[in-house]
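First comes the structure, then the notes that go with it.
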Amino acid sequence: MAWPLIKLLPAKTNFRFVAFSKIAAIISVVAVIGSMALTLIPFEGPCGGLNCGVDFKGGTVLEMNLGGKSVDLAKLRGALTGDEGLHDVQVQGVGENNTAAMIRFETPEGGNPAQKVEEIKTHLSGQFEGAQYTRTEVVGPKVSGELLTGGVVALFMAIGLMMVYIWFRFEWQFGLGAAIGLLHDVILTFGLFALFDLEFTLTAVAAILTIIGYSMNDTVVVFDRLRENLRKYKKLPLGDVIDLSINETLSRTIITGVTAIMALLGLAILGGEALFSFSVALMFGIIIGTYSSIYVAAPVILIWGVNRNDADAEIVDMGGFKGKR
């Protein structure tokens, strides 16, 4: 067995990526439509089909444990709904044998919300001996609405600024391809959260913004090599130039992606519930971002074409033969 494992990667590949672009386009369109349906249906605020966390939905989250003892979820639910009169109460067991419980409820209106939460803690401590609270979050409806709006604006601003950057660095066709690829990645990541009912919080927004950055970085690497090859091989068909450029950057893409996924896998396993959704979303984003660079962003350039007459062809070393300028 070769070591390091990186030596197993072929020095040069010859895959025909463009040949499968139509099939990939159909798969991408179906995936995007499905993700949008999962995300938006039912058409109810504030998050539709997403499992919004307290950041966007508003309310209070408490995590309670009894020092290793099992929590009676039915008794806990009854104590909250019966004695305290709280609304939209959700109680979920955590860990094996429900050694902890995650409590969500609508933050009571009027008075000091933090003081009301302390009163609820005191009430539960009287019902459950040895109760400990390892997590407390209180977000009002006004703040949650502002956070949701700010998160959506941040996502669209990131995509727009990335498109402008690519437009200025390359050509408008490259910018359009990059923007479509980023939208593809963002929508599919939303679909992942909706499909597996992962909690969508500000941490999830941070994960999506990170995915946008990673996907754009991967796309720029491919585009940079594509621009270089367009200058070298002026008479080579555009589809062949795209295939050549992707193959030349493929080993770099695989090494970077696998390294990042290995680190995120450890974070998902050992980082606890708070970082699990973040890690899973990033791993998914790395995979889908690599796919979009090859089968979404690059094929857009193939559809629209590029101006190949702006720069003179560079001299290429072909085994001793020097091409003419």
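The values are calculated or read from the model by the stated rules, or taken from the named source; none is laboratory data. All of these numbers come straight from a predicted model, not from anything done at the bench. No Cβ is skipped: glycine too gets one built from the backbone with ideal geometry, and neighbour counts run over all protein chains shown.
Is there a residue being assigned to a loop (DSSP other than H, G, I, E, B) and surrounded by 17 or more Cβ atoms within 10 Å (Cβ to Cβ) anywhere in segment 266-277? The answer is no; no qualifying residue exists.
For segment 172-182, check the following and say yes or no: at least one residue is assigned by TED's automatic domain parsing to the domain that holds F223, out of contact with any helix residue (DSSP H, G or I) (no Cβ under 7 Å at 6 or more places or on another chain) and at pLDDT below 85. Scanning segment 172-182, I find at least one residue that is assigned by TED's automatic domain parsing to the domain that holds F223, out of contact with any helix residue (DSSP H, G or I) (no Cβ under 7 Å at 6 or more places or on another chain) and at pLDDT below 85, so the answer is yes.
Per-residue answers, yes or no, for (1) in the same structural domain as G34 (by TED's automatic domain parsing); (2) in a helix (DSSP H, G or I); (3) touching a strand residue (DSSP E or B) at 6+ places or on another chain (Cβ under 7 Å); (4) surrounded by 23 or more Cβ atoms within 10 Å (Cβ to Cβ):
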site: I187; (1), (2), (3), (4): yes, yes, no, no
site: D197; (1), (2), (3), (4): yes, no, yes, no
site: M216; (1), (2), (3), (4): yes, yes, no, yes
site: E228; (1), (2), (3), (4): yes, yes, no, no
site: R231; (1), (2), (3), (4): yes, yes, no, no
site: G239; (1), (2), (3), (4): yes, yes, no, no
site: L244; (1), (2), (3), (4): yes, yes, no, no
site: N247; (1), (2), (3), (4): yes, yes, no, no
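If a residue counts only when it is surrounded by 13 or more Cβ atoms within 10 Å (Cβ to Cβ) and not assigned by TED's automatic domain parsing to the domain that holds E199, which helices (runs of 4 or more DSSP H) contained entirely in segment 5-78 have at least 1 such residues?
Here the list reads 54-57, 73-78.
Restricting to segment 246-275, name every residue that is in contact (Cβ under 8 Å) with a residue 60 or more places away in the chain and either among the aromatic types (F, W, Y) or under 19 Å from H184 (Cβ atoms) (or both). Hit for segment 246-275 is I246, nothing else.
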